[in-house]
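Where a number appears in this text, it was derived from the coordinates with a stated rule and is not lab data. All values derive from a computational prediction rather than experimental measurement. When we count neighbours, we look across all protein chains shown, and the Cβ atoms used for this are built from the backbone with ideal geometry, even at glycine.
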């Protein structure tokens, strides 16, 4: 007579995974990634989530995977997580050990601070699950590894808001500029859980006056600026003729895009807020 399969008391150790996810979390629903050790003989796993220890009101069926991305968790609240394994004999009678934590810190989709090259800016970031001690980390560096954006004085006045002082290069001539465009950065909580946000960097218009060595043409976009750009044209960061001041869009090369930017302001003078040909002296 064939014996009935016995129910196996599965147990698994699980831990929050402090990983950077490739997708951006939204402020309307927090995300948490969890992982656990595989259980011999298990056909799959179910992840249980609740707002109180030992009480679970959500179940995620994840199949044979030993990692799960839990979505739509309440931001700024602790979620409690445990796992059960199952096979053809049924589900484990016992939960794994329980872990708890807030969802990954996340920036709202419409919260994209806007800065320009070369300066310091106080920015506000809206989102959720921000904890005091959270850091903002930007990956962009120059060829020597110096950061092009640095976040300092990071303050979390509320769990759905962060304030920070950003320093964006170049603060002085002769240094690589932060690249124009939208950039993703990491939001790292003190618990090691990682989320992401975005920053929009625009070109500082004053940089069109590449030649700052001649007082007679200062604050004017003219032929001397074109000569300086032409000398560095076709070079990249680290090459002998590369001029970071001529790399107007900060992409590490002096090319046609920089020339187009210069051409847009050519023949104009600086008004204090922008370039205007009418602002140039007529004599």
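With springs only between Cα atoms under 10 Å apart, run a GNM on the chain and tell me which of 65, 85, 232 wobbles the most.
Ranking 65, 85, 232 by mean-square fluctuation puts 65 first.
When the Kirkwood radius is taken over all Cα pairs of the stretch 205-277, what Stokes-Einstein diffusion coefficient follows at 37 °C and 0.692 mPa s, in µm²/s?
271 µm²/s
So what is Rg over Rh here for the stretch 138-215, counting just Cα atoms and using Kirkwood for Rh?
Here the Rg-to-Rh quotient is 1.05.
Taking 35 Å as R0, compute the FRET efficiency from the Cβ-Cβ separation of residue 214 and residue 137 and round it to 0.05.
So, using R0 = 35 Å, E works out to roughly 0.30.
As a test of the formula, what do you get for the chain when each DSSP H run with n ≥ 4 contributes -39,500 (n - 2.57) and the sum is divided by the residue count, at 222 nm and rounded to the nearest 500 deg cm²/dmol?
Mean residue ellipticity, 222 nm, calculated: -2000 deg cm²/dmol.
If you take the Cα Rg of the stretch 129-262 and divide it by 2.2 N^0.38 Å, with N the number of residues, what do you get?
With N residues counted in the stretch 129-262, Rg over 2.2 N^0.38 Å equals 1.26.
Cβ neighbours within 10 Å, averaged per peptide: list 117-127, 144-154, 245-255 in order, most packed at the top.
Taking the mean over residues of other Cβ atoms within 10 Å, the ranking is 245-255, 117-127, 144-154.
Take the alpha carbon gyration tensor of the chain, find the square roots of its eigenvalues, order them as a ≥ b ≥ c, and report rounded if a/c is under 1.5; if not, report prolate when a/b exceeds b/c, else oblate.
The shape class here is prolate.
Could you state the principal axis extents of the C-alpha atoms in the stretch 60-152, from the largest down, to the nearest angstrom?
64, 31, 23
Rounded to the nearest Å, what's the spacing between the alpha carbon centres of the stretch 87-109 and the stretch 168-242? Just the number, please.
Cα centres, the stretch 87-109 to the stretch 168-242: 45 Å.
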